[in-house]
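Student: Here it is, the structure in full.
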Amino acid sequence: MTALDLQKRLLALADPERAQASARYFKTGPGESGEGLRFLGLDAASVRGLAKEFRALPLAEVEATLQSDWHDERAVALVVLTLQYPKADAAAQKATYELYLANTSQVNSWALVDCSAPQIVGAHLWPRSRKPLGRLAKSKSLWERRIAIVATQHFIRKGDFADTLRVAERLLNDDQDLIHKAAGWMLREVGERDTAVLEQFLKQHYRAMPRTMLRYAIEKFPPKKRKAYLNGDV
């Protein structure tokens, strides 16, 4: 199994019409967040199916695949890593985590971040120091900052909210809507498990939160309470 074998399978599944739709969906125009992304046009089921088919791909070949110009190919590489990580020994898990962080420039869309950061970065840091999240949250890279907040989804699912709140607080003044959405999404996930924790955070910060972040965070609140937060009446 090689990166070339995987690429041949990907090219055989290419769908030019779907690729055009993906380019529009990911906002690939000049100056947009997805500028420069290129698509083959695979759907999510095909990406996951190929990842399962190539889940035994050696790490060096996964890294080679991750260097592809095609968004779909990088997506398969990242899903392969998420399938390999839980079953790997400690040394291989460390190598996977380090490979991921060494190639964040290739994890360059919200979809690529969201399908991989919790399962690799979050899972690796769960029993370890969370200091790398602080570095990522301060990065000039939009995608590294998104990795920082979305990785904490792994902690949220285990009932640990502290790092989500810390990273979200650090990102309050971020100027990117994709960060506002991600932080609001993670805060909402905290609230789904412990409303009191979310409301304590909101009461401290909701007036300063970007509107998009706030809307995402309170999405599951009753309409009357949502309106109160949006109107600044809490």
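The values are calculated or read from the model by the stated rules, or taken from the named source; none is laboratory data. Computed from a predicted model, the values in this text were never measured in an experiment. Note that we place each Cβ from the backbone using ideal geometry, even for glycine, and neighbour counts take in every protein chain shown.
Student: Hey, can you tell me all the residues within the range 164-177 that are farther than 21 Å from Lys220 by Cβ and either touching a Ser or Thr at 6+ places or on another chain (Cβ under 6 Å) or hydrophobic (A, V, I, L, M, F, W, C) (or both)? Quick ask: steps written out before the conclusion?
Tutor: Filtering the range 164-177 down to residues farther than 21 Å from Lys220 by Cβ leaves 166, 170, 173-176.
Across the range 164-177, there are no qualifying residues.
Student: Cβ-Cβ distance below 7 Å, separation of 6 or more or different chains: which pairs start in the range 128-156 with a residue that is over 13 Å from Val113 (Cβ atoms) and end on one that is acidic (Asp, Glu) and modelled with pLDDT of 95 or more?
Tutor: From the range 128-156, the pairs are Arg130/Asp163; Leu133/Asp163; Phe155/Asp163; Ile156/Glu189.
Student: Something else about it: Quick check: anything in the range 185-196 farther than 16 Å from Asp163 by Cβ and of a type in the set (Val, Ile, Thr)?
Tutor: yes
Student: If you don't mind, there's one more thing I want to ask. Might you check whether a residue that is of a type in the set (A, V, I, L, M) and either at pLDDT below 95 or closer than 30 Å to Ser105 by Cα (or both) occurs anywhere in the range 191-206?
Tutor: Start the filter on the range 191-206 by keeping residues that are of a type in the set (A, V, I, L, M), which leaves 196-198, 202.
From the residues that got through so far, the ones that are either at pLDDT below 95 or closer than 30 Å to Ser105 by Cα (or both) too are none.
The answer is no; no qualifying residue exists.
Student: Within the range 80-88, is even one residue crowded, with 20+ Cβ neighbours inside 10 Å and either over 28 Å from Ala162 (Cα atoms) or among the charged types (D, E, K, R) (or both)?
Tutor: Yes, that holds for at least one residue.
Student: Taking the condition of being in contact with a Ser or Thr (Cβ under 8 Å, 6 or more places away or on another chain), of a type in the set (Gly, Ala, Ser) and over 15 Å from Val79 (Cβ atoms), how many residues in the range 95-131 meet it?
Tutor: Summing the residues that are in contact with a Ser or Thr (Cβ under 8 Å, 6 or more places away or on another chain), of a type in the set (Gly, Ala, Ser) and over 15 Å from Val79 (Cβ atoms) in the range 95-131 gives 2.
Student: If a residue must be touching a residue at least 60 places away in the same chain (Cβ under 8 Å) and of a type in the set (A, V, I, L, M, F, W, C), how many such residues does the range 59-76 contain? Talk me through it step by step, then tell me what you get.
Tutor: Pass one, the range 59-76, residues touching a residue at least 60 places away in the same chain (Cβ under 8 Å): 61, 64-65, 68, 70, 72-73, 76.
Pick out the ones that are also of a type in the set (A, V, I, L, M, F, W, C) and you get 64, 70, 76.
Of the residues in the range 59-76, 3 are touching a residue at least 60 places away in the same chain (Cβ under 8 Å) and of a type in the set (A, V, I, L, M, F, W, C).
Student: What is the one condition in (1) farther than 15 Å from Ile120 by Cβ; (2) free of Cβ contacts under 8 Å to residues at least 40 places away in the same chain that Lys94 does not satisfy?
Tutor: With respect to (1) farther than 15 Å from Ile120 by Cβ; (2) free of Cβ contacts under 8 Å to residues at least 40 places away in the same chain, Lys94 is out only on (1).
Student: Picking from Val197, Val167, which residue would you name as being within 16 Å of Val121 (Cβ to Cβ), touching a residue at least 24 places away in the same chain (Cβ under 8 Å) and outside any loop (DSSP other than H, G, I, E, B)?
Tutor: Exactly one residue qualifies, and that residue is Val167.
Student: Within the range 213-230, work out how many residues are touching a helix residue (DSSP H, G or I) at 6+ places or on another chain (Cβ under 6 Å) and in a helix (DSSP H, G or I).
Tutor: Looking only at that region, the number is 3.
Student: Among the residues in the range 135-142, are any of a type outside the set (A, V, I, L, M, F, W, C), more than 30 Å from Val47 (Cα to Cα) and modelled with pLDDT of 95 or more?
Tutor: Yes; the residues of the range 135-142 include at least one that is of a type outside the set (A, V, I, L, M, F, W, C), more than 30 Å from Val47 (Cα to Cα) and modelled with pLDDT of 95 or more.
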